[in-house]
């Protein structure tokens with residue numbers, strides 16, 4: 001949308017994606033957004049800069065009684081002014097609002113929403129190319145919005161050990177009208193063909209990935225779905241981050257299995273891993289086999305397995321399909337964590353066992369058939385009709 005503004009006679013060749021460059025005549029930092037009577041505070045949520053000496057301005061927060069300046073559209077201003085205007089728009093998007101009252105700061109909320117929509121459209125259309133400074137500030141704005149303290153989980157406010165996955169009263173993030181657009185913006189930035197991975201990885205760094213993984217514990221399923229897609233795209237685009245992401249997910253599983261047994265995003269993390277496992281090259285690395293033994297198989301232990309068993313079973317069967325020799329390890333692992341008093345969990349184990357046996361070769365089956373049939377014999381004597389059936 002910027003090529004219509006540019007004069008064709010300025011250069012011999014004009015690229016389709018026009019970069020937003022800073023004004024060449026000024027080295028001064030861009031003016032801040034006009035907010036009357038609004039408090040301001042520095043926000044340190046953004047990932048640390050790994051290059052350059054960009055001056056970080058205090059980020060305005062919660063303009064409870066202030067007035068946010070209405071800015072023109074980027075396409076309506078000269079190219080020389082877009083760099084400053086883009087930074088102003090990012091500053092507007094750093095404002096945080098109280099969504100417990102829908103009428104409070106309604107005008108300011110709508111201005112931020114419209115600004116986010118414009119930025120999403122800008123990045124998605126590929127009509128411009130952001131320079132490194134704007135990319136850094138973009139990720140900083142995303143960090144200010146999404147990296148936050150999650151509210152107490154529902155199980156912390158009740159006497160129940162585990163939440164009911166079928167319960168209708170699901171927590172929904174009040175700020176989702178803004179948060180969704182921020183997630184959409186960073187997703188479009190990551191998948192854009194104009195995004196240079198060498199530049200982007202400086203800001204989408206390990207610190208950013210860890211904070212992203214922390215958010216998987218949110219109880220809002222809409223947010224977890226966006227996080228799943230974004231992390232999967234980061235894994236696919238930034239090969240340098242892949243070992244770190246796998247290790248970080250492992251650590252979440254370890255803490256869940258052996259310490260808390262409470263986490264809202266285990267299913268989504270397993271969905272990502274299911275796709276990753278599907279892409280493992282053969283012969284399989286020892287690191288991946290250790291992940292199966294130390295993380296995936298012990299995930300059968302927690303009481304809340306029903307909330308993520310479908311995704312876990314898929315990951316397990318993917319390993320067996322990749323390397324049939326792992327069938328003996330998997331079956332013995334299932335037998336190790338076989339439930340004694342939980343019939344519903346036992347039914348899940350039997351279904352998973354059936355899928356694993358379909359990919360098991362004769363030699364592997366013979367190694368584990370004695371303890372396997374002992375367990376099946378106990379199931380036949382179960383008092384629960386679904387188990388013995």
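The values are calculated or read from the model by the stated rules, or taken from the named source; none is laboratory data. These numbers were taken from a predicted model, which means no experiment stands behind them. Note that we place each Cβ from the backbone using ideal geometry, even for glycine, and neighbour counts take in every protein chain shown.
Values as computed for the structure displayed
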| quantity | calculated |
| --- | --- |
| Residue within region 155-173 that is within 28 Å of residue 83 (Cα to Cα), in a helix (DSSP H, G or I) and either at pLDDT 95 or above or over 18 Å from the mean Cα position of the chain (by Cα) (or both) present | no |
| Filter pass, residue 118 being out of contact with any helix residue (DSSP H, G or I) (no Cβ under 9 Å at 6 or more places or on another chain) and either assigned to a helix (DSSP H, G or I) or more than 17 Å from residue 185 (Cα to Cα) (or both) | no |
| Region 50-75: number of residues that are farther than 19 Å from residue 105 by Cα and either modelled with pLDDT of 90 or more or part of a loop (DSSP other than H, G, I, E, B) (or both) | 11 |
| Entirely in region 241-325, the helices (runs of 4 or more DSSP H) that have 3 or more residues that are within 23 Å of residue 224 (Cα to Cα) and touching a residue at least 12 places away in the same chain (Cβ under 8 Å) | 242-255, 266-278, 309-322 |
| Conditions (1) assigned to a helix (DSSP H, G or I); (2) in contact (Cβ under 8 Å) with a residue 24 or more places away in the chain; (3) surrounded by 17 or more Cβ atoms within 10 Å (Cβ to Cβ); number of the one not met by residue 371 | (3) |
| Every residue from region 330-363 that is in contact (Cβ under 8 Å) with a residue 40 or more places away in the chain, crowded, with 18+ Cβ neighbours inside 10 Å and farther than 23 Å from residue 383 by Cβ | 331, 333, 356, 359, 360 |
| Filter result for residue 259 (surrounded by 15 or more Cβ atoms within 10 Å (Cβ to Cβ) and within 28 Å of residue 150 (Cα to Cα)) | no |
| Count of region 125-151 residues which are at pLDDT below 90 and either crowded, with 22+ Cβ neighbours inside 10 Å or out of contact with any strand residue (DSSP E or B) (no Cβ under 9 Å at 6 or more places or on another chain) (or both) | 5 |
| Only listed residue being modelled with pLDDT under 95, more than 18 Å from residue 141 (Cα to Cα) and touching a helix residue (DSSP H, G or I) at 6+ places or on another chain (Cβ under 8 Å), chosen from 218, 197, 229 | 197 |
| Residue match in region 217-225 (condition: part of a helix (DSSP H, G or I) and in contact (Cβ under 8 Å) with a residue 60 or more places away in the chain) | yes |
